[in-house]
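This report refers to the structure that appears directly beneath it.
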Amino acid sequence: EIVDFSGCARYLDTPVKRYSSGMKVRLGFAVAAHLEPEILIIDEVLAVGDAEFQKKCIGKMQDVAGHGRTILFVSHNMASIQHLCSRCILLKNGELAQDAGTNEVVQSHLKEMSMPEDEGAHIRSFDGKFSITHTILRNEAGQEGTSFRPGDTMVIEMHYDAQETIPEPYFWIAIASSGNTSLSASMLLDGVRPSCVEGRGFIRLKFRNLPLRPQNSYFVRAGMRYKDSKTLVFPTSEISFFNVIGSAMETGFHSPVADSFLGNSGGIDVPYEWEFSDGKRFAFNPLNR
């Protein structure tokens with residue numbers, strides 16, 4: 001049963017020292033999970049292996065927990081934690097920072113990872129003329145949050161502080177998975193941009209019907225160039241993080257884009273809408289390029 005679960009049957013005669021790190025974790029999890037321990041401690045086991053093995057791991061953990069035993073699941077994947085755990089402990093610098101219900105802890109952790117509105121957290125341009133001060137994620141109703149479901153609308157609200165007037169800058173924002181596949185919006189390609197940015201203001205980007213697979217964590221990246229489109233004002237930076245929770249079956253949402261998202265190595269285009277501090281809006285459908 002252990003061998004079948006691990007998927008390492010072909011390599012049983014190979015010395016373990018020649019196994020890859022992924023193979024070692026697969027075999028180790030298979031051994032531990034079949035010993036019927038009272039407490040099973042699992043550290044980032046879902047970070048290795050293919051989707052089929054991860055599915056087997058999740059099923060085994062649910063089976064162990066269902067028989068009254070305890071699982072301590074250590075992970076940075078917030079969606080997996082929300083899916084598997086009923087209680088969550090947040091560690092910070094080796095100290096207990098929070099012990100509460102899973103959703104409460106995950107939300108506070110993701111909010112902390114997003115850019116806070118304080119001077120030290122600004123993403124500054126190379127010339128010091130522009131900075132992103134903080135980012136807010138909102139749903140269709142305008143409520144702040146860090147968890148969304150497949151098919152939801154998500155609004156990325158990026159606040160900035162321009163030390164002087166910058167005419168017609170180009171911005172781009174992308175939602176990226178750990179595999180670097182991204183949903184992207186680029187003013188350089190759209191042909192639209194604010195007439196200028198000066199002082200404090202914001203730029204909103206609305207993605208409708210998120211074609212993102214649930215049980216995964218994603219981050220938001222942003223970048224900016226000057227009007228000549230050649231001068232990089234600041235490098236592409238991670239400005240926020242969020243989860244996609246639930247399942248496509250729960251929402252009735254299905255998208256071929258969602259099916260291919262995690263397995264695609266390039267960017268994926270979906271319709272989106274820009275909104276600027278001066279009230280101007282631009283809807284764009286990259287599929288009609």
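The values are calculated or read from the model by the stated rules, or taken from the named source; none is laboratory data. The shown structure was predicted, so the numbers you read here are calculated from the model rather than taken from an experiment. Note that each Cβ is placed from the backbone with ideal geometry, even for glycine, and that neighbours are counted across all protein chains shown. Heads up: the accessible areas ignore ligands, DNA and RNA and are worked out on the full protein's heavy atoms, side chains in. Shrake-Rupley method; radii C 1.70, N 1.55, O 1.52, S 1.80 Å.
Values as computed for the structure displayed
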{"quantity": "Per-residue HN-Hα couplings for the range 29-37 [Karplus 6.51, -1.76, 1.60; θ = phi - 60°; Hz; x = Gly/Pro]", "calculated": "5, 4, 5, 4, 5, 9, 8, 6, x"}
{"quantity": "Using θ = phi - 60° and Karplus 6.51 cos²θ - 1.76 cosθ + 1.60, couplings along the range 101-111 (whole Hz; Gly, Pro as x)", "calculated": "x, 4, 4, 5, 5, 4, 4, 5, 5, 5, 5"}
{"quantity": "Portion, in percent, of the accessible area of the range 151-205 that falls on carbon or sulfur, probe 1.4 Å", "calculated": "44"}
{"quantity": "Spin-label model distance (nm) - C196 vs K17, 7 Å beyond Cα toward Cβ", "calculated": "6.9"}
{"quantity": "Whole-number accessible area per residue in Å² for the range 1-72, which is evaluated in the context of all protein chains at 1.4 Å", "calculated": "65"}
{"quantity": "Coil-residue GluC sites (Glu not before Pro) of the range 1-110, DSSP, other Cβ within 10 Å capped at 15", "calculated": "E1, E38, E44"}
{"quantity": "Separation of the D228 and R208 label points, Cα + 7 Å toward Cβ, nm", "calculated": "3.9"}
{"quantity": "Partner lysines for K129 [C-alpha distance under 17 Å; skip if fewer than 8 residues away on the same chain]", "calculated": "K227, K230"}
